[in-house]
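K.L.:
Please read through the structure below; I'll follow up with questions.
The values are calculated or read from the model by the stated rules, or taken from the named source; none is laboratory data. Only a predicted model underlies this, so the values are computations on that prediction, with no experimental measurement involved. Neighbour counts run over all protein chains shown; Cβ positions are idealised from the backbone, glycine included.
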Amino acid sequence: MKQSCRCFSYACVTMLLVMASPVVSFAVEAEVNLMTEGVVKPFRSVTISASIREIIGKIQVEEGERIKEGQLLVSLLSEKQRLAVERYDQMISKAQFDFNAAQRLFQQNVASRDDALAKEVELKRLQAELAIAKAEVNEREIVSPLTGVVVRKFKESGESISENDPILQVMTTDQVLLLFHLEASQLSLLKLGQEYPAQFPEMPEVKGLKAKINFIDPEVDARSGLFRVRLLLDNKAGLIRPGLRVLTPFPTVSVNP
(Lines give C-alpha, C1' and ligand atoms only; values in the text may rest on other atoms or scores of the structure.)
Protein backbone atom coordinates (compact mmCIF):
# COMPACT_ATOMS: atom_id res chain seq x y z
CA MET A 1 0.00 0.00 0.00
CA LYS A 2 2.76 2.42 0.88
CA GLN A 3 4.65 1.44 -2.30
CA SER A 4 1.66 2.20 -4.55
CA CYS A 5 1.17 5.59 -2.90
CA ARG A 6 4.83 6.35 -3.44
CA CYS A 7 4.55 5.48 -7.18
CA PHE A 8 1.45 7.59 -7.52
CA SER A 9 3.21 10.58 -6.01
CA TYR A 10 6.18 10.12 -8.39
CA ALA A 11 3.79 10.02 -11.35
CA CYS A 12 2.05 13.19 -10.20
CA VAL A 13 5.34 15.02 -9.84
CA THR A 14 6.47 13.88 -13.30
CA MET A 15 3.17 15.03 -14.84
CA LEU A 16 3.44 18.41 -13.15
CA LEU A 17 7.00 18.86 -14.41
CA VAL A 18 5.98 18.04 -17.96
CA MET A 19 3.03 20.44 -17.79
CA ALA A 20 5.24 23.19 -16.37
CA SER A 21 8.01 22.78 -18.97
CA PRO A 22 8.09 25.54 -21.64
CA VAL A 23 7.29 24.63 -25.23
CA VAL A 24 10.41 25.06 -27.41
CA SER A 25 9.83 26.04 -31.05
CA PHE A 26 12.44 26.03 -33.82
CA ALA A 27 12.60 28.73 -36.51
CA VAL A 28 12.97 27.38 -40.03
CA GLU A 29 14.73 29.45 -42.67
CA ALA A 30 13.37 29.23 -46.18
CA GLU A 31 14.70 30.84 -49.36
CA VAL A 32 12.06 32.74 -51.28
CA ASN A 33 12.14 35.19 -54.18
CA LEU A 34 11.28 38.79 -53.41
CA MET A 35 10.32 41.15 -56.25
CA THR A 36 12.61 44.18 -56.05
CA GLU A 37 12.41 47.46 -57.95
CA GLY A 38 15.46 49.01 -59.59
CA VAL A 39 16.29 51.45 -62.37
CA VAL A 40 17.80 51.11 -65.85
CA LYS A 41 21.18 52.83 -66.33
CA PRO A 42 23.28 53.25 -69.49
CA PHE A 43 26.11 50.76 -69.80
CA ARG A 44 28.43 53.59 -70.85
CA SER A 45 27.76 57.32 -71.04
CA VAL A 46 30.37 59.92 -72.06
CA THR A 47 30.27 63.71 -72.06
CA ILE A 48 32.17 65.01 -75.08
CA SER A 49 34.34 68.09 -74.48
CA ALA A 50 37.41 69.80 -75.93
CA SER A 51 40.85 70.08 -74.35
CA ILE A 52 41.45 73.62 -75.68
CA ARG A 53 39.79 77.04 -75.93
CA GLU A 54 38.39 77.47 -79.42
CA ILE A 55 35.31 78.24 -81.52
CA ILE A 56 33.10 75.39 -82.71
CA GLY A 57 33.28 75.22 -86.48
CA LYS A 58 30.55 72.61 -86.89
CA ILE A 59 28.75 70.01 -84.80
CA GLN A 60 28.35 67.10 -87.19
CA VAL A 61 25.50 65.25 -85.41
CA GLU A 62 22.09 65.90 -83.87
CA GLU A 63 20.30 64.57 -80.78
CA GLY A 64 18.95 61.06 -81.30
CA GLU A 65 21.38 60.29 -84.11
CA ARG A 66 23.11 56.91 -84.03
CA ILE A 67 26.90 57.08 -84.13
CA LYS A 68 29.87 54.73 -84.49
CA GLU A 69 33.15 54.63 -82.62
CA GLY A 70 35.68 56.89 -84.34
CA GLN A 71 33.02 58.94 -86.16
CA LEU A 72 33.65 62.69 -86.39
CA LEU A 73 31.34 64.52 -83.99
CA VAL A 74 32.67 68.07 -83.66
CA SER A 75 35.01 70.20 -85.78
CA LEU A 76 36.65 73.20 -84.10
CA LEU A 77 38.07 76.06 -86.15
CA SER A 78 41.49 74.98 -87.40
CA GLU A 79 42.35 77.18 -90.40
CA LYS A 80 45.59 78.52 -88.89
CA GLN A 81 46.75 75.05 -87.91
CA ARG A 82 46.02 73.66 -91.40
CA LEU A 83 47.96 76.50 -93.00
CA ALA A 84 50.85 75.71 -90.67
CA VAL A 85 50.78 72.09 -91.85
CA GLU A 86 50.94 73.20 -95.48
CA ARG A 87 53.79 75.63 -94.74
CA TYR A 88 55.86 73.01 -92.93
CA ASP A 89 55.23 70.50 -95.72
CA GLN A 90 56.75 72.94 -98.21
CA MET A 91 59.64 73.81 -95.91
CA ILE A 92 60.40 70.13 -95.34
CA SER A 93 60.50 69.50 -99.08
CA LYS A 94 63.17 72.19 -99.47
CA ALA A 95 65.05 71.04 -96.34
CA GLN A 96 65.07 67.46 -97.64
CA PHE A 97 66.50 68.66 -100.96
CA ASP A 98 69.19 70.70 -99.18
CA PHE A 99 70.10 67.76 -96.93
CA ASN A 100 70.41 65.35 -99.86
CA ALA A 101 72.59 67.86 -101.72
CA ALA A 102 74.81 68.38 -98.65
CA GLN A 103 75.20 64.61 -98.29
CA ARG A 104 76.32 64.25 -101.90
CA LEU A 105 78.78 67.13 -101.59
CA PHE A 106 80.19 65.64 -98.38
CA GLN A 107 80.64 62.24 -100.04
CA GLN A 108 82.45 63.98 -102.91
CA ASN A 109 84.66 65.83 -100.40
CA VAL A 110 83.33 69.14 -101.69
CA ALA A 111 81.50 70.17 -98.48
CA SER A 112 82.31 69.58 -94.83
CA ARG A 113 80.59 67.06 -92.60
CA ASP A 114 79.38 69.95 -90.40
CA ASP A 115 77.39 71.36 -93.31
CA ALA A 116 75.65 68.02 -93.86
CA LEU A 117 74.92 67.67 -90.14
CA ALA A 118 73.47 71.19 -90.00
CA LYS A 119 71.13 70.40 -92.90
CA GLU A 120 70.06 67.18 -91.17
CA VAL A 121 69.34 69.00 -87.89
CA GLU A 122 67.22 71.58 -89.73
CA LEU A 123 65.27 68.84 -91.52
CA LYS A 124 64.49 67.03 -88.25
CA ARG A 125 63.47 70.30 -86.60
CA LEU A 126 60.96 71.03 -89.36
CA GLN A 127 59.63 67.46 -89.20
CA ALA A 128 59.01 67.90 -85.47
CA GLU A 129 57.22 71.21 -86.11
CA LEU A 130 55.05 69.49 -88.73
CA ALA A 131 54.12 66.74 -86.26
CA ILE A 132 53.06 69.39 -83.71
CA ALA A 133 50.98 71.24 -86.32
CA LYS A 134 49.23 68.01 -87.34
CA ALA A 135 48.53 67.19 -83.68
CA GLU A 136 46.93 70.62 -83.25
CA VAL A 137 44.69 69.93 -86.26
CA ASN A 138 43.71 66.52 -84.86
CA GLU A 139 43.01 68.12 -81.49
CA ARG A 140 40.30 70.16 -83.20
CA GLU A 141 38.61 67.09 -84.69
CA ILE A 142 36.62 65.37 -81.91
CA VAL A 143 35.54 61.80 -82.65
CA SER A 144 33.16 59.44 -80.85
CA PRO A 145 34.68 57.13 -78.22
CA LEU A 146 31.83 54.61 -78.60
CA THR A 147 29.10 53.17 -80.80
CA GLY A 148 25.70 54.35 -79.62
CA VAL A 149 23.47 57.40 -79.82
CA VAL A 150 23.69 61.16 -79.19
CA VAL A 151 21.43 61.90 -76.21
CA ARG A 152 22.17 65.56 -75.54
CA LYS A 153 23.59 68.60 -77.32
CA PHE A 154 24.95 71.35 -75.07
CA LYS A 155 26.49 73.70 -77.67
CA GLU A 156 25.84 74.94 -81.20
CA SER A 157 28.11 75.63 -84.17
CA GLY A 158 29.82 79.01 -83.87
CA GLU A 159 29.88 79.08 -80.06
CA SER A 160 33.10 79.68 -78.18
CA ILE A 161 34.16 76.98 -75.71
CA SER A 162 36.73 76.63 -72.96
CA GLU A 163 38.64 73.56 -71.86
CA ASN A 164 36.35 70.74 -70.69
CA ASP A 165 33.12 72.58 -71.59
CA PRO A 166 30.48 69.90 -72.36
CA ILE A 167 29.52 69.81 -76.04
CA LEU A 168 27.64 66.51 -76.46
CA GLN A 169 26.57 63.54 -74.39
CA VAL A 170 26.66 60.11 -76.02
CA MET A 171 25.89 56.65 -74.68
CA THR A 172 25.78 53.02 -75.71
CA THR A 173 22.39 51.42 -76.37
CA ASP A 174 23.11 47.77 -77.25
CA GLN A 175 23.54 46.98 -73.55
CA VAL A 176 22.04 48.52 -70.40
CA LEU A 177 22.63 48.08 -66.68
CA LEU A 178 19.91 47.28 -64.14
CA LEU A 179 20.77 48.82 -60.77
CA PHE A 180 19.27 47.51 -57.51
CA HIS A 181 19.82 48.12 -53.78
CA LEU A 182 19.31 44.93 -51.75
CA GLU A 183 19.29 43.96 -48.07
CA ALA A 184 22.57 42.82 -46.54
CA SER A 185 20.99 39.44 -45.70
CA GLN A 186 20.76 38.73 -49.44
CA LEU A 187 24.47 39.18 -50.07
CA SER A 188 25.39 35.52 -49.56
CA LEU A 189 22.64 34.37 -51.93
CA LEU A 190 24.00 36.20 -54.99
CA LYS A 191 26.85 35.30 -57.31
CA LEU A 192 28.36 36.87 -60.41
CA GLY A 193 26.87 35.45 -63.59
CA GLN A 194 23.52 34.50 -62.04
CA GLU A 195 20.63 35.14 -64.43
CA TYR A 196 17.31 36.69 -63.44
CA PRO A 197 14.17 37.71 -65.36
CA ALA A 198 13.50 41.42 -65.76
CA GLN A 199 10.11 43.11 -66.04
CA PHE A 200 9.46 46.74 -66.95
CA PRO A 201 6.24 48.25 -65.51
CA GLU A 202 6.14 51.01 -68.13
CA MET A 203 6.54 48.43 -70.91
CA PRO A 204 4.30 45.46 -70.02
CA GLU A 205 4.40 44.22 -73.62
CA VAL A 206 8.14 43.47 -73.31
CA LYS A 207 8.48 39.96 -71.87
CA GLY A 208 11.00 37.17 -71.57
CA LEU A 209 14.08 39.33 -70.98
CA LYS A 210 16.81 38.03 -68.69
CA ALA A 211 19.87 39.79 -67.28
CA LYS A 212 23.06 38.53 -65.63
CA ILE A 213 24.73 39.87 -62.49
CA ASN A 214 27.99 41.59 -63.47
CA PHE A 215 28.71 43.52 -60.26
CA ILE A 216 28.07 42.91 -56.55
CA ASP A 217 29.16 45.72 -54.25
CA PRO A 218 31.51 44.27 -51.61
CA GLU A 219 30.57 47.07 -49.20
CA VAL A 220 27.26 47.43 -47.37
CA ASP A 221 26.09 50.97 -46.66
CA ALA A 222 26.28 51.45 -42.88
CA ARG A 223 23.24 53.73 -42.68
CA SER A 224 20.76 51.91 -44.89
CA GLY A 225 22.05 48.35 -44.55
CA LEU A 226 21.82 48.00 -48.33
CA PHE A 227 24.34 47.07 -51.01
CA ARG A 228 24.36 47.64 -54.78
CA VAL A 229 23.86 44.98 -57.42
CA ARG A 230 24.12 45.54 -61.17
CA LEU A 231 22.81 43.26 -63.89
CA LEU A 232 23.82 43.45 -67.55
CA LEU A 233 21.01 43.21 -70.11
CA ASP A 234 21.48 42.77 -73.86
CA ASN A 235 19.51 45.50 -75.61
CA LYS A 236 20.42 45.14 -79.27
CA ALA A 237 16.84 45.98 -80.29
CA GLY A 238 17.12 49.24 -78.33
CA LEU A 239 13.74 48.76 -76.61
CA ILE A 240 14.89 49.37 -73.05
CA ARG A 241 15.79 52.98 -72.27
CA PRO A 242 17.79 54.33 -69.32
CA GLY A 243 15.56 55.76 -66.60
CA LEU A 244 12.88 53.06 -66.80
CA ARG A 245 11.86 51.15 -63.67
CA VAL A 246 12.66 47.44 -63.59
CA LEU A 247 11.38 44.59 -61.39
CA THR A 248 13.42 41.46 -60.68
CA PRO A 249 12.77 38.57 -58.24
CA PHE A 250 15.88 38.25 -56.08
CA PRO A 251 16.28 35.46 -53.49
CA THR A 252 15.91 36.37 -49.83
CA VAL A 253 15.79 34.43 -46.56
CA SER A 254 12.37 34.14 -44.90
CA VAL A 255 12.24 32.93 -41.28
CA ASN A 256 9.18 30.80 -40.45
CA PRO A 257 8.43 30.14 -36.74
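K.L.:
With the requirement that a residue be modelled with pLDDT of 95 or more, within 20 Å of G158 (Cβ to Cβ) and of a type in the set (A, V, I, L, M, F, W, C), what does the range 57-79 give you?
P.N.:
I59, V61, L72, L73, V74, L76
K.L.:
Name every residue in the range 177-210 that is among the aromatic types (F, W, Y) and part of a strand (DSSP E or B), in order of residue number.
P.N.:
F180, Y196 - these are the residues of the range 177-210 that are among the aromatic types (F, W, Y) and part of a strand (DSSP E or B).
K.L.:
Looking at H181 and the list (1) loosely packed, with under 15 Cβ neighbours inside 10 Å; (2) under 18 Å from K41 (Cα atoms); (3) touching a Gly at 6+ places or on another chain (Cβ under 9 Å), which single condition is not satisfied?
P.N.:
Every listed condition holds for H181 apart from (1).
K.L.:
Mind checking whether some residue in the range 216-236 is under 30 Å from T147 (Cβ atoms), part of a loop (DSSP other than H, G, I, E, B), in contact (Cβ under 8 Å) with a residue 24 or more places away in the chain and not basic (K, R)?
P.N.:
Checking the range 216-236: at least one residue is under 30 Å from T147 (Cβ atoms), part of a loop (DSSP other than H, G, I, E, B), in contact (Cβ under 8 Å) with a residue 24 or more places away in the chain and not basic (K, R).
K.L.:
Quick one: how many residues across the range 108-144 are in contact (Cβ under 8 Å) with a residue 40 or more places away in the chain and either loosely packed, with under 15 Cβ neighbours inside 10 Å or among the aliphatic types (A, V, I, L, M) (or both)? Break it down stepwise before answering.
P.N.:
Here is the first cut: in the range 108-144, the ones in contact (Cβ under 8 Å) with a residue 40 or more places away in the chain are 129-130, 133-134, 136-137, 139-144.
Next cut, either loosely packed, with under 15 Cβ neighbours inside 10 Å or among the aliphatic types (A, V, I, L, M) (or both) only: 130, 133, 137, 141-143.
Looking only at that region, the number is 6.
K.L.:
While we're on this one: Just name the residue that is nearest to V149 (Cα to Cα) out of those in the range 50-79 that are of a type in the set (A, V, I, L, M, F, W, C) and assigned to a strand (DSSP E or B). If you could, list the steps in order and put the result at the bottom.
P.N.:
Start the filter on the range 50-79 by keeping residues that are of a type in the set (A, V, I, L, M, F, W, C), which leaves 50, 52, 55-56, 59, 61, 67, 72-74, 76-77.
Of the ones still in play, those that are also assigned to a strand (DSSP E or B) are 55-56, 59, 67, 72-74, 76.
Working: I55: 24, I56: 21, I59: 15, I67: 6, L72: 13, L73: 11, V74: 15, L76: 21 Å.
Among those residues, the one meeting the criterion is I67.
K.L.:
Scan the range 126-134 and tell me whether some residue there is at pLDDT below 95, in a loop (DSSP other than H, G, I, E, B) and of a type outside the set (S, T, Y).
P.N.:
Looking through the range 126-134, none of the residues is at pLDDT below 95, in a loop (DSSP other than H, G, I, E, B) and of a type outside the set (S, T, Y).
K.L.:
Can you find, within the range 72-107, the residue that is surrounded by the fewest Cβ atoms within 10 Å (Cβ to Cβ) among those that are among the small types (G, A, S) and over 37 Å from the mean Cα position of the chain (by Cα)? I'd like the intermediate steps shown before the answer.
P.N.:
We begin by selecting, within the range 72-107, every residue among the small types (G, A, S); these are 75, 78, 84, 93, 95, 101-102.
Within this subset, residues satisfying the condition of being over 37 Å from the mean Cα position of the chain (by Cα) are 84, 93, 95, 101-102.
Values: A84: 18, S93: 11, A95: 20, A101: 14, A102: 23.
That would be S93.
K.L.:
Could you list, in sequence order, the residues of the range 136-158 that are under 30 Å from Y88 (Cβ atoms) and of a type in the set (D, E, K, R)?
P.N.:
Narrowing the range 136-158 to residues under 30 Å from Y88 (Cβ atoms): 136-145, 157-158.
Residues satisfying the conditions are E136, E139, R140, E141.
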